[in-house]
1. Give the residues of the stretch 86-113 that are in a loop (DSSP other than H, G, I, E, B), farther than 20 Å from residue 51 by Cα and under 23 Å from the mean Cα position of the chain (by Cα), sorted by residue number.
2. Take residue 245 and tell me if it is surrounded by 17 or more Cβ atoms within 10 Å (Cβ to Cβ), more than 19 Å from residue 304 (Cα to Cα) and without any contact (Cβ under 8 Å) to a residue 60 or more places away in the chain.
3. Modelled with pLDDT under 95 and in contact with a Gly (Cβ under 6 Å, 6 or more places away or on another chain): is that true of residue 116 in this structure?
4. Can you go through 331, 321 and tell me which one is part of a loop (DSSP other than H, G, I, E, B), open to solvent by less than 20 Å² (accessible area, probe 1.4 Å), of a type outside the set (D, E, K, R) and touching a residue at least 60 places away in the same chain (Cβ under 8 Å)?
5. Say we look at the stretch 222-240 and pick out the residues that are under 22 Å from the mean Cα position of the chain (by Cα) and buried (at least 20 other Cβ atoms within 10 Å of the Cβ); which of these is nearest to residue 6 (Cα to Cα)?
6. For the condition outside any strand (DSSP E or B) and either surrounded by 19 or more Cβ atoms within 10 Å (Cβ to Cβ) or basic (Lys, Arg) (or both), what is the one hit in 168, 176, 186?
7. Would you say residue 354 is over 14 Å from residue 251 (Cα atoms), buried (at least 22 other Cβ atoms within 10 Å of the Cβ) and among the hydrophobic types (A, V, I, L, M, F, W, C)?
8. So is residue 336 surrounded by fewer than 24 Cβ atoms within 10 Å (Cβ to Cβ) and either touching a helix residue (DSSP H, G or I) at 6+ places or on another chain (Cβ under 9 Å) or at pLDDT 95 or above (or both) or not?
Amino acid sequence: MTELRDRTEVEDFLRGANFMSASGGGDPAVQRRLLHDDLDRGVPLAWEPLDAGADVLVCTACFSGSIAPEVFEDSPEAKALAPGERLERPMAAAIGELEDYLGRPIDAVVSIEIGGINTAAVLDAGANLGKTVIDGDYAGRAIPELHATTPLGVGGQVLPWALVDEYGNRMVIRSGASDAFAERIGKFLAQASFGLIGCALVPLSAAEVGRIYVPGTLTECLELGRAIRTAQEEGRDPVQAAADALEGWVVFRGTITERAWRNTGYLEGTHVITGDGGFAGHSLKVWFKNENHVSWLDGNSYVCSPDLLEVCDDETGEPLVNTYLQEGDRVAVVGRRRRPQFDSDRGLAALGPAHFGWDVDFRPIERLMTKA
């Protein structure tokens, strides 16, 4: 078992989870406050390896919605519609709703992805409910849509799907025309809830989880965040330290010179990074749908999902979220190889550039970096 024992370890964990989100996992400001509250109240913040032979029921949990800036701002309309108290932990409430619907307890929770908001919120929810939190997730990175998770990649069942927002609205999607249709309904419910809604779904046995999850990723988050902090303290390059910890590459360094986005239920848009230093004379364009998914180096297709591209601060290595990037920011881009679960035709169909409508051939990052 691994436990976060103080605020430094919480910060390391959040930093690592945010870094592995491909800039799309959301700013974990609320989750930082909740995890600090857990520490102050003596609630253990811990995870452990999956016991695939245990007779337990495991669900996944997440927030569904967009990471556009307005999602994280107070809405006058929301205040008028729901003037009462807000639920502080809607994800935990969603797990309770799923238990009520199933008529049996959930024994353990596993994160649906790695991201600053979702992974931290799963840890907080599990801790406060007294559930085992499993060291792993269903994507090995942040993803914009449920179909890109490993349960759906093997034809698993999403439903039933319990949803609770911070205003106290509670719903269960009992059945659906397809998993894709259920995803669409979930996103519309998130928009109706002013951007984000807590979810609990995919109830599976431990044996089923063991066949499909990406193991060890929560521990990876802690170790990655610690590596970046240690490099900062020792005066080494934190960006290179992050790349080394991920067994990845520093793909680009420069200044954001163009940025455009819109809220479609996701945060979608592009930013252009003009190269500095060893990358001077070059430019990198990145397209994001919550997370970074497609890039072009000097107009030619470059690193794409399911490989991971994370934009971070050029000096500190701190991960940056697409929500708040601005023109003039000096950034670095770190890339890492996709998880083995996506090294297949089905994985590419779920998260490759063609899925997002781009006529771009996927070229593995390890081959691109070898040629660089």
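The values are calculated or read from the model by the stated rules, or taken from the named source; none is laboratory data. Fair warning: this is a prediction, and the values are worked out from it, not measured in the lab. Cβ coordinates were reconstructed from backbone atoms using ideal geometry, including for glycine residues, and neighbour counts include every protein chain displayed. Please note that ligands, DNA and RNA were not included when accessible areas were found on the heavy atoms of the full protein model with its side chains. Shrake-Rupley method; radii C 1.70, N 1.55, O 1.52, S 1.80 Å.
1. Across the stretch 86-113, the qualifying residues are 87, 88, 89.
2. Numbers: surrounded by 17 or more Cβ atoms within 10 Å (Cβ to Cβ): yes; more than 19 Å from residue 304 (Cα to Cα): yes; without any contact (Cβ under 8 Å) to a residue 60 or more places away in the chain: yes.
Taking the combined requirement at face value, the residue satisfies it.
3. Working: modelled with pLDDT under 95: yes; in contact with a Gly (Cβ under 6 Å, 6 or more places away or on another chain): yes.
For residue 116, the condition - modelled with pLDDT under 95 and in contact with a Gly (Cβ under 6 Å, 6 or more places away or on another chain) - is met.
4. Values: 331 fails: part of a loop (DSSP other than H, G, I, E, B).
Matching residue, one of 331, 321: 321.
5. The selected residue is 222.
6. Values: 168 fails: either surrounded by 19 or more Cβ atoms within 10 Å (Cβ to Cβ) or basic (Lys, Arg) (or both); 176 fails: either surrounded by 19 or more Cβ atoms within 10 Å (Cβ to Cβ) or basic (Lys, Arg) (or both).
Going through 168, 176, 186 in turn, just one is outside any strand (DSSP E or B) and either surrounded by 19 or more Cβ atoms within 10 Å (Cβ to Cβ) or basic (Lys, Arg) (or both): 186.
7. On the way: over 14 Å from residue 251 (Cα atoms): yes; buried (at least 22 other Cβ atoms within 10 Å of the Cβ): no; among the hydrophobic types (A, V, I, L, M, F, W, C): yes.
When the stated conditions are applied, residue 354 does not pass them.
8. Numbers: surrounded by fewer than 24 Cβ atoms within 10 Å (Cβ to Cβ): no; either touching a helix residue (DSSP H, G or I) at 6+ places or on another chain (Cβ under 9 Å) or at pLDDT 95 or above (or both): yes.
Against the criterion (surrounded by fewer than 24 Cβ atoms within 10 Å (Cβ to Cβ) and either touching a helix residue (DSSP H, G or I) at 6+ places or on another chain (Cβ under 9 Å) or at pLDDT 95 or above (or both)), residue 336 does not qualify.
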